[in-house]
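Asks: Dumping the structure here so I can ask a few things about it.
The values are calculated or read from the model by the stated rules, or taken from the named source; none is laboratory data. Owing to the predicted nature of the structure, the values given are computational and were not obtained by experimental measurement. Here the Cβ positions follow ideal geometry from the backbone for every residue, glycine too, while neighbour counts run over all protein chains shown.
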Amino acid sequence: MNKRDYQKEEMEIAIYFDQEEKLFHIQSKDMSYIFDIMDNGQPGHLYWGKKLNAFRKRKRPADDFRGILTALGQEYPAYGTLDYRYPAYQVQRDNGTTITELRYDSHQIIKGKEKLKGLPATYVEDDDEAETLKVRLLDPLAGLEVILSYTVYSDYPVITRSALFKNTGDRYLYILRALSTCVDFPDSDYYFLQLSGAWARERNLIKRPLLPGVVSIDSKRGNSSHEQNPFMALLKGNADEYQGEVYGFSLVYSGNFLAQAEVNRYNQTRVTMGINPFDFRWKLEKGEEFQTPEVVMVYSDSGLNKMSQVFHNIYRKRLARGKYRDLERPVLINNWEATYFDFNTEKILKLAREASELGIELFVLDDGWFGRRNDDTSSLGDWYVNKEKLPEGLKYIADEINKMGMKFGLWFEPEMISPDSRLYEKHPDWCIHVPGRKRSLLRNQLVLDLSRQEVCEYIIEQVSSILESANISYVKWDMNRQMSEIGSAALPADRQRETAHRYILGLYRILEEITSRFPDILFESCAGGGGRFDPGMLYYMPQTWTSDNTDAIERLKIQYGTSLVYPLISMGAHVSAVPNHQVGRITPLKTRADVAFFGNFGYELDLTSLSQEEKEEVKKQIQFYKSVRRLVLEGNFYRLLDPFTGNNTAWMLVSEDREEALAAYYQLLAEPNPGRYSIKLKGLDPDKKYRIVETDEVYGGDELMYAGLEIEINPFRNHDFRSFIWKLESV
Ligand code: DGJ
């Protein structure tokens with residue numbers, strides 16, 4: 001074997017260092033990532049893509065190194081060289097200068113993966129699952145050390161990256177930019193794919209070709225946001241769902257982020273991702289460290305669907321944590337769209353009784369149970385029971401609901417403060433604000449300053465005492481506004497621009513504490529629907545309320561887009577009333593459920609107002625979901641027809657052993673006089689036979705995948721917003 005023929009037969013992963021060539025070859029399942037230490041001591045990027053057995057290093061031009069950096073791939077480029085692309089980092093010294101030169105010092109290859117201090121990240125359960133490379137870079141003049149970390153997993157074709165900054169000098173440093181990753185691609189023939197939107201239309205899929213210059217998405221809103229998700233992908237040439245090369249980047253972070261692709265004059269592409277440098281500056285005193293969040297990078301050689309399956313797998317098994325990670329989730333009823341703020345004990349128990357009779361397993365009491373909260377103008381921060389509405393208290397309600405055979409769950413919005421609250425009266429400076437400036441209200445509320453230790457402690461104690469006061473099995477953790485006038489009354493002048501990141505660190509500390517104090521509680525995160533649907537939150541809470549938009553047709557797009565990165569089990573999906581409260585659309589009860597089945601299923605409507613016939617239908621839907629929810633938890637997801645480009649949507653789930661599957665087809669508007677139509681299924685075993693449970697017909701897996709499953713649309717009973725669902729079992 002040639003010394004550069006790296007692949008060890010028995011292992012899927014390995015990180016090799018070729019001493020002579022000073023070259024690192026990081027191999028994981030199906031993928032290689034290669035860089036070396038260039039003659040100037042900087043790590044230079046060489047390759048990321050399909051797995052290579054060996055890599056013969058090409059010669060780089062040997063003239064003035066600073067000059068040619070502009071065309072060279074780099075791993076963690078600096079600002080201030082003749083490379084005029086955006087750098088991965090920028091540090092300002094106490095003399096005001098911003099030029100640094102990080103050079104390779106040493107490296108370490110270790111088994112497993114260390115935790116990121118204070119930040120969520122993918123993890124290992126056993127050190128044999130992964131290998132980590134740590135490359136130490138030094139700039140002695142600035143007193144700066146940066147450790148670049150790369151982890152590869154044996155079971156997932158991903159590579160994770162992060163950077164740790166240390167001040168090893170005698171003087172302070174300011175970090176102006178500290179991104180988590182930089183990847184230089186040798187070409188620019190890519191589409192930039194992003195998940196964008198707004199409240200009630202989150203994570204719509206948008207694709208545009210790269211052109212010379214910069215394309216970026218970001219958040220400056222304090223949370224990851226409805227507007228942009230901390231995810232981007234590059235699609236090579238005509239790559240699509242099932243073919244072509246795709247490079248996916250997902251940031252494990254819930255705050256301000258930047259994801260950027262820059263095409264230079266040589267048509268090379270630089271991708272950078274991390275904490276948004278905009279309005280960010282972090283003071284690093286002598287001896288202090290700064291850890292960037294982690295980026296999870298996925299390479300797929302067969303389109304977007306494979307990329308998504310990889311993200312789903314690693315996020316479900318090695319990012320989400322806790323007891324519920326591997327458990328089927330309870331079917332829930334949430335009272336929000338059923339009652340909004342207008343409820344009392346009797347109304348809640350009546351709704352719960354109806355729910356339990358229909359087979360629902362968890363009752364969630366949403367906003368309005370605390371303080372003096374009868375609308376959204378008051379009481380955030382006052383976490384004690386609203387005795388006017390619920391004189392018997394939460395324990396009574398929880399116990400009554402438990403007696404009905406259901407679990408009880410509760411809504412909180414702990415990160416907020418209403419100006420009309422006892423808390424604000426006592427601590428008017430506990431919110432994010434700048435003295436002397438306006439405090440802009442959004443939904444009549446302000447954001448608590450989680451960069452302050454005492455605010456975090458307050459939240460932990462308040463939430464804990466409520467959770468201890470009754471038998472609470474589930475928490476919905478909401479966050480209904482983004483930040484403005486960002487500043488902290490507790491931070492000194494030279495640290496004001498740390499506020500937004502310190503907030504996120506405070507939030508993570510709170511979540512770590514509460515989720516470990518209450519390991520038996522199922523947590524669901526929410527931010528005005530899907531305003532913080534990101535991997536950072538998924539680390540603490542295994543499910544997220546996908547969107548406040550519960551319309552089945554809008555949900556097709558939202559759930560389809562969300563599935564690009566996030567596993568189905570992480571997406572809260574509820575059947576709600578018609579006309580729909582967000583868009584006024586009337587869709588059949590069947591369609592509403594057929595869409596919600598492909599997520600974490602529940603109801604959010606006044607069940608007591610349904611007709612007997614509808615109640616019977618709901619009962620059957622719940623039974624059906626219970627029979628397929630293991631598939632929703634563990635199955636592989638295949639997108640078949642895209643709601644962003646056509647009148648129809650289709651998708652399916654297939655169990656790992658390919659014994660079972662669940663497929664669905666949705667028609668938006670009815671077509672007059674439709675022709676024959678069929679969809680080609682995916683992921684089945686071509687050699688197996690499958691029975692369609694609803695019709696008892698048996699087909700070969702090959703037949704269903706290559707010839708397709710015919711959809712019978714009766715032209716005389718056709719209508720808008722129709723859905724078809726099939727459960728398949730191998731025979
Ligand atoms: C926004 C959430 O997304 C809704 O589901 C609901 O909990 C409201 N907040 C309550 O204020």
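Asks: Of SER516, SER469, which residue is within 16 Å of LYS323 (Cβ to Cβ) and more than 16 Å from the ligand (Cβ to nearest atom)?
Replies: SER516
Asks: Does SER418 satisfy the criteria of being in contact with a Lys or Arg (Cβ under 6 Å, 6 or more places away or on another chain), surrounded by 22 or more Cβ atoms within 10 Å (Cβ to Cβ) and not β-branched (Val, Ile, Thr)?
Replies: no
Asks: Please work out if GLU512 is of a type in the set (D, E, K, R), outside the structural domain of SER723 (by TED's automatic domain parsing) and closer than 28 Å to ALA233 by Cα.
Replies: no
Asks: Return the pairs, sorted by first residue and then second, in which the second residue is of a type outside the set (Ser, Thr, Tyr) and within 13 Å of the ligand (Cβ to nearest atom), the first residue lies in the stretch 356-371 and is more than 12 Å from GLY409 (Cβ to Cβ), the beta carbons are less than 6 Å apart, and the residues are 6+ apart or on different chains.
Replies: Taking only residues 6 or more apart or on different chains, the pairs are ASP367/TRP411; GLY368/PHE341.
Asks: Going by what's in this entry, would TRP411 be described as over 21 Å from LYS347 (Cβ atoms) and within 16 Å of the ligand (Cβ to nearest atom)?
Replies: No: the conditions fail for TRP411.
Asks: Also, I was wondering about something else. Report whether or not THR339 is over 16 Å from TRP411 (Cα atoms) and within 13 Å of the ligand (Cβ to nearest atom).
Replies: Criteria not met by THR339.
Asks: For residues that are surrounded by fewer than 19 Cβ atoms within 10 Å (Cβ to Cβ) and among the hydroxyl-bearing types (Ser, Thr, Tyr), scanning just the stretch 83-103, find the one that is farthest from VAL215 (Cα to Cα).
Replies: THR97
Asks: Now a separate question. Determine, yes or no, whether ILE397 is surrounded by 22 or more Cβ atoms within 10 Å (Cβ to Cβ), more than 16 Å from the ligand (Cβ to nearest atom), touching a residue at least 40 places away in the same chain (Cβ under 8 Å) and over 31 Å from the mean Cα position of the chain (by Cα). Let's see the steps before the verdict.
Replies: Details: surrounded by 22 or more Cβ atoms within 10 Å (Cβ to Cβ): yes; more than 16 Å from the ligand (Cβ to nearest atom): yes; touching a residue at least 40 places away in the same chain (Cβ under 8 Å): yes; over 31 Å from the mean Cα position of the chain (by Cα): yes.
Judged against the criteria, ILE397 is a match.
Residue-by-condition table, conditions (1) modelled with pLDDT of 95 or more; (2) small (Gly, Ala, Ser); (3) within 14 Å of the ligand (Cβ to nearest atom):
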{"position": "GLU512", "(1), (2), (3)": "yes, no, no"}
{"position": "LEU522", "(1), (2), (3)": "yes, no, no"}
{"position": "SER525", "(1), (2), (3)": "yes, yes, yes"}
{"position": "GLY529", "(1), (2), (3)": "yes, yes, yes"}
{"position": "MET571", "(1), (2), (3)": "yes, no, yes"}
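Asks: So, one more: Specify which of the listed residues (ALA664, ALA670, ALA650) is over 23 Å from the mean Cα position of the chain (by Cα), modelled with pLDDT of 95 or more and not aromatic (Phe, Trp, Tyr).
Replies: Sole residue among the options that is over 23 Å from the mean Cα position of the chain (by Cα), modelled with pLDDT of 95 or more and not aromatic (Phe, Trp, Tyr): ALA664.
Asks: ILE99: in a strand (DSSP E or B) and at pLDDT 95 or above, yes or no?
Replies: Answer is no for this residue.
Asks: Please note which strands (runs of 3 or more DSSP E) are completely contained in the stretch 473-581 and include at least 3 residues that are in contact (Cβ under 8 Å) with a residue 40 or more places away in the chain.
Replies: Result: 474-477, 522-525, 571-576.
Asks: Of the residues LYS689, LYS619, which single one is of a type in the set (Lys, Arg) and touching a strand residue (DSSP E or B) at 6+ places or on another chain (Cβ under 8 Å)? Working first, answer last.
Replies: Values: LYS619 fails: touching a strand residue (DSSP E or B) at 6+ places or on another chain (Cβ under 8 Å).
Only one candidate qualifies: LYS689.
Asks: Considering only residues that are hydrophobic (A, V, I, L, M, F, W, C), over 14 Å from HIS107 (Cβ atoms) and touching a residue at least 40 places away in the same chain (Cβ under 8 Å), which ones fall in the stretch 34-50?
Replies: TRP48, the sole residue that qualifies.
Asks: Another one. In the stretch 429-444, which residues are closer than 24 Å to GLY528 by Cα and either surrounded by fewer than 15 Cβ atoms within 10 Å (Cβ to Cβ) or touching a residue at least 60 places away in the same chain (Cβ under 8 Å) (or both)?
Replies: ILE432, LYS438, ARG439, SER440, LEU441, LEU442, ARG443, ASN444
Yes/no per residue for (1) of a type in the set (A, V, I, L, M); (2) within 16 Å of the ligand (Cβ to nearest atom); (3) surrounded by 22 or more Cβ atoms within 10 Å (Cβ to Cβ); (4) within 21 Å of THR272 (Cα to Cα):
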| residue | (1), (2), (3), (4) |
| --- | --- |
| TRP282 | no, no, no, yes |
| GLU285 | no, no, no, no |
| SER302 | no, no, no, no |
| PHE311 | no, no, yes, yes |
| ARG329 | no, no, yes, no |
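Asks: Quick test for you: out of SER570, SER525, SER576, pick the one residue that is surrounded by 23 or more Cβ atoms within 10 Å (Cβ to Cβ), of a type outside the set (A, V, I, L, M) and farther than 22 Å from GLN621 by Cβ.
Replies: Sole residue among the options that is surrounded by 23 or more Cβ atoms within 10 Å (Cβ to Cβ), of a type outside the set (A, V, I, L, M) and farther than 22 Å from GLN621 by Cβ: SER525.
Asks: Being within 16 Å of the ligand (Cβ to nearest atom), under 18 Å from GLY222 (Cα atoms) and either modelled with pLDDT of 95 or more or not small (Gly, Ala, Ser) (or both): is that true of GLY506 here?
Replies: Spelling it out, it is not the case that GLY506 is within 16 Å of the ligand (Cβ to nearest atom), under 18 Å from GLY222 (Cα atoms) and either modelled with pLDDT of 95 or more or not small (Gly, Ala, Ser) (or both).
Asks: How many residues are free of Cβ contacts under 8 Å to residues at least 24 places away in the same chain and outside any strand (DSSP E or B) when one looks only at the stretch 208-265?
Replies: Selection size over the stretch 208-265: 1.
Asks: Of all residues in the stretch 472-503 being within 18 Å of VAL434 (Cβ to Cβ) and within 16 Å of the ligand (Cβ to nearest atom), which is surrounded by the most Cβ atoms within 10 Å (Cβ to Cβ)? Write out each step before concluding.
Replies: So the first thing to find is which residues in the stretch 472-503 are within 18 Å of VAL434 (Cβ to Cβ), and the list is 481-503.
Filter once more, so that each one left must be within 16 Å of the ligand (Cβ to nearest atom): 481-482.
Numbers: ARG481: 23, GLN482: 19.
So, considering only residues that are within 18 Å of VAL434 (Cβ to Cβ) and within 16 Å of the ligand (Cβ to nearest atom), the one surrounded by the most Cβ atoms within 10 Å (Cβ to Cβ) is ARG481.
Asks: Please count how many residues of the stretch 445-454 are over 14 Å from LEU423 (Cβ atoms) and surrounded by fewer than 24 Cβ atoms within 10 Å (Cβ to Cβ).
Replies: Within the stretch 445-454, residues that are over 14 Å from LEU423 (Cβ atoms) and surrounded by fewer than 24 Cβ atoms within 10 Å (Cβ to Cβ) number 1.
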